[in-house]
Amino acid sequence: MATNSEPGLPPGVLTALLPRRNRPIPTALASFPGGIADVSTPDGDSLYNKFDLLCPRPECGSIILRAGVAKLLERPSIQMEPADRTPAALLPLPQPPASTEWWLVTPSPMEFENIGFSKPVAPLSSGDKQLKLLLCAQCDLGPLGWSEVDGTEFWLACSRVGYRADS
């Protein structure tokens, strides 16, 4: 039988038990004077992400992908959301068929540290395959990129992720 005379927790114990999270601070691509050249590093004939890729939301800063995992490619832009519905925390992408820079992650989503996927979305232009949009699994900010349904290529927009430049 429990009594009211059981000792309570000392002050500060619950706070001490909470996980401490030193959140990395995301740096936007536009903050680097050399742009994409400052955040990529050569490996053989290709360029790879020099820094960990982070959720761009400063309050989150979740690590999405570790350094050296994604290959840099320039390819046509993809319309991931209606032009008038780009989240305020993300930069709009150029309208297709203009090209933009992407981080390509292959061959599986297991390469990511922390990524979420939308349900399959209808293509925004005819002839496109169904896509799943990539978002931060911690705070749901997105779309940060895309993949084809059942595909093995995962594309992150270089301008829509943060970079852990302090590492």
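Descriptive notes on the structure:
- Among the residues here, Val121 qualifies as among the β-branched types (Val, Ile, Thr) and over 24 Å from Asp52 (Cβ atoms).
- Selection count, region 44-56, where residues are under 15 Å from Glu101 (Cα atoms) and in a strand (DSSP E or B): 5
- Within region 22-43, the set of residues being part of a loop (DSSP other than H, G, I, E, B) and either buried (at least 20 other Cβ atoms within 10 Å of the Cβ) or at pLDDT 95 or above (or both) comprises Pro24, Pro26, Ala28, Phe32, Pro33, Gly34, Gly35.
- Ser99 meets all of the listed conditions (1) surrounded by 15 or more Cβ atoms within 10 Å (Cβ to Cβ); (2) farther than 21 Å from Ile115 by Cβ; (3) not charged (D, E, K, R) but one, namely (1).
The values are calculated or read from the model by the stated rules, or taken from the named source; none is laboratory data. Keep in mind that this is a model prediction, so the values were computed, not measured. Cβ: placed from backbone, ideal geometry, glycine included. Neighbour counts: every protein chain shown.
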